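Comments concern the structure below.
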Amino acid sequence: MRRIHADLLLVLAAVVWGVAFVFQKTAMEHIGPFLFIAARSAVAVLALAPLAYREGRGTGHIFPPGLLPIATLAGVAFFTGAAFQQVGLVTATATNAGFLTALYVIFTPFLVWMAFGHAPMWIVWPAVGLSFVGTWLLGGGTLSAFGSGDILIAISAFFWAAHVVTVSRASRLARPITFTAVQFAIVGALGLAGAILFEPISLTAIAGAWREIAYVGILSSALTFTLLAIAVKYTPPTEAAIIVSSETLFAAFAAYLMLGERLSLVGWCGAALILGAVLLVQTGPALIRSGRRANTPASH
């Protein structure tokens, strides 16, 4: 695969993820958050199972040593982030959800610091300031303008960051599709447990949200994770991160076209600052390292 083809796969993934916010929002008109999480995860597992079988065929074992524990941990982090996000989407707009979820990029370096002792580079701190100002402006210049749904989605960003950190430890297993399938099985089981405890289990509700479940389960879950696993073999991590970050813009565009959502000028300024903070965290360290190498005298 050429690099341009890998980049196009990442753009496709960003589009699918961005539009998914709209479907996650509209699904809440028919189905409860936990039942939706369970249903989308079940669809994802069914879609990934044949690919996972093919991936593991000939390796001598269904699950590599260490896969089940880390996939379980990733599944718990994914479920917690999805639960906060999905409950938040009952009242929050898809546009706000897209930009607030992107805050996970800001949280990730600090979780790495807490978990592994690797302090973030100095450039992360200005990004934190930008993200706070951006969040304030996204709410119209006052945090009191945020509803409970916006707050829940902002909290979900912390758990999405925890998921990213967990998944990064699984890359050494070299079984990305199997890992993802097991992860979604855990998410689905937790979602079903939550639905049994807090929501009515209704086949009518599932039927009413079948389009949203199919889109998020097949495209936004099974397909995009597979595309990502393929593309990152050919696209440098920094470039891949920038491309994937565009999902926030696609979320806003899809919400504008499909739901008629609008942001004020102040809100757009806030969204731009959040996106700028995300790009700063993703590209800043690589640019600093590149600059250091360029300024290091060559040895003779």
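The values are calculated or read from the model by the stated rules, or taken from the named source; none is laboratory data. Everything quoted here is computed from the prediction, not taken from an experiment. Here the Cβ positions follow ideal geometry from the backbone for every residue, glycine too, while neighbour counts run over all protein chains shown.
Among the residues of segment 120-139, which ones are surrounded by 17 or more Cβ atoms within 10 Å (Cβ to Cβ) and of a type in the set (Val, Ile, Thr)?
Of all residues in segment 120-139, those surrounded by 17 or more Cβ atoms within 10 Å (Cβ to Cβ) come to 120, 124, 127-128, 130-131, 134-139.
Those that are surrounded by 17 or more Cβ atoms within 10 Å (Cβ to Cβ) and of a type in the set (Val, Ile, Thr): VAL124, VAL128, THR135.
Looking only at segment 209-228, which residues are small (Gly, Ala, Ser) and assigned to a helix (DSSP H, G or I)? Write out each step before concluding.
Taking segment 209-228 first, the residues small (Gly, Ala, Ser) are 209, 214, 217, 220-222.
ALA214, GLY217, SER220, SER221, ALA222 - these are the residues of segment 209-228 that are small (Gly, Ala, Ser) and assigned to a helix (DSSP H, G or I).
Looking only at segment 169-208, which residues are assigned to a helix (DSSP H, G or I), under 22 Å from THR59 (Cα atoms) and not aromatic (Phe, Trp, Tyr)?
SER171, ARG172, LEU173, PRO176, ILE177, THR178, THR180, ALA181, VAL182, GLN183, ALA185
For the list (1) small (Gly, Ala, Ser); (2) free of Cβ contacts under 8 Å to residues at least 24 places away in the same chain; (3) touching a Pro at 6+ places or on another chain (Cβ under 8 Å), I need the number of the one condition that ALA83 fails.
All conditions are met except number (2).
Hey, among the residues in segment 93-119 that are surrounded by 18 or more Cβ atoms within 10 Å (Cβ to Cβ) and assigned to a loop (DSSP other than H, G, I, E, B), which one's farthest from the chain's Cα centre (by Cα)?
THR93
Determine which member of the set GLY88, GLY58 is among the small types (Gly, Ala, Ser) and under 17 Å from the mean Cα position of the chain (by Cα). Let's see the steps before the verdict.
Details: GLY58 fails: under 17 Å from the mean Cα position of the chain (by Cα).
Just a single option satisfies the conditions, and that option is GLY88.
Out of GLY188, GLY194, GLY208, GLY260, I need the residue that is crowded, with 22+ Cβ neighbours inside 10 Å, at pLDDT 90 or above and not aromatic (Phe, Trp, Tyr). Which one?
Details: GLY194 fails: crowded, with 22+ Cβ neighbours inside 10 Å; GLY208 fails: crowded, with 22+ Cβ neighbours inside 10 Å; GLY260 fails: crowded, with 22+ Cβ neighbours inside 10 Å.
Of GLY188, GLY194, GLY208, GLY260, the one residue that is crowded, with 22+ Cβ neighbours inside 10 Å, at pLDDT 90 or above and not aromatic (Phe, Trp, Tyr) is GLY188.
Take the residues of segment 22-72 that are of a type in the set (Val, Ile, Thr) and touching a Gly at 6+ places or on another chain (Cβ under 8 Å): which is nearest to ALA193 (Cα to Cα)? So that I can check it myself, show each step before the final result.
Pass one, segment 22-72, residues of a type in the set (Val, Ile, Thr): 22, 26, 31, 37, 43, 45, 59, 62, 70, 72.
This time we only want the ones that are touching a Gly at 6+ places or on another chain (Cβ under 8 Å), so: 31, 37, 43, 45, 62.
Details: ILE31: 15, ILE37: 11, VAL43: 17, VAL45: 17, ILE62: 26 Å.
Checking each candidate, the answer is ILE37.
Would you be able to say whether some residue in segment 236-243 is modelled with pLDDT of 85 or more, surrounded by fewer than 18 Cβ atoms within 10 Å (Cβ to Cβ) and out of contact with any helix residue (DSSP H, G or I) (no Cβ under 6 Å at 6 or more places or on another chain)?
Of all residues in segment 236-243, those modelled with pLDDT of 85 or more come to none.
Within segment 236-243, not a single residue is modelled with pLDDT of 85 or more, surrounded by fewer than 18 Cβ atoms within 10 Å (Cβ to Cβ) and out of contact with any helix residue (DSSP H, G or I) (no Cβ under 6 Å at 6 or more places or on another chain).
When you scan segment 199-232, how many residues do you find that are touching a Pro at 6+ places or on another chain (Cβ under 9 Å) and under 14 Å from GLN86 (Cα atoms)?
The qualifying residues number 1.
Conditions tested, residue by residue: (1) outside any helix (DSSP H, G or I); (2) surrounded by 22 or more Cβ atoms within 10 Å (Cβ to Cβ).
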residue: ALA13; (1), (2): no, yes
residue: GLY18; (1), (2): no, yes
residue: HIS30; (1), (2): yes, no
residue: ALA47; (1), (2): no, no
residue: PRO69; (1), (2): no, no
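Sort out which residues of segment 179-223 are touching a residue at least 24 places away in the same chain (Cβ under 8 Å), of a type in the set (S, T, N, Q) and within 20 Å of ALA27 (Cα to Cα), and write them in order of number.
SER202, SER220, SER221
Which number in (1) assigned to a helix (DSSP H, G or I); (2) of a type in the set (A, V, I, L, M); (3) closer than 27 Å to SER220 by Cα marks the one condition that VAL90 misses?
(1)
Filter segment 151-185 for residues that are surrounded by fewer than 20 Cβ atoms within 10 Å (Cβ to Cβ) and of a type in the set (Gly, Ala, Ser); which is farthest from ARG54 (Cα to Cα)?
Only one residue tops the list, namely SER168.
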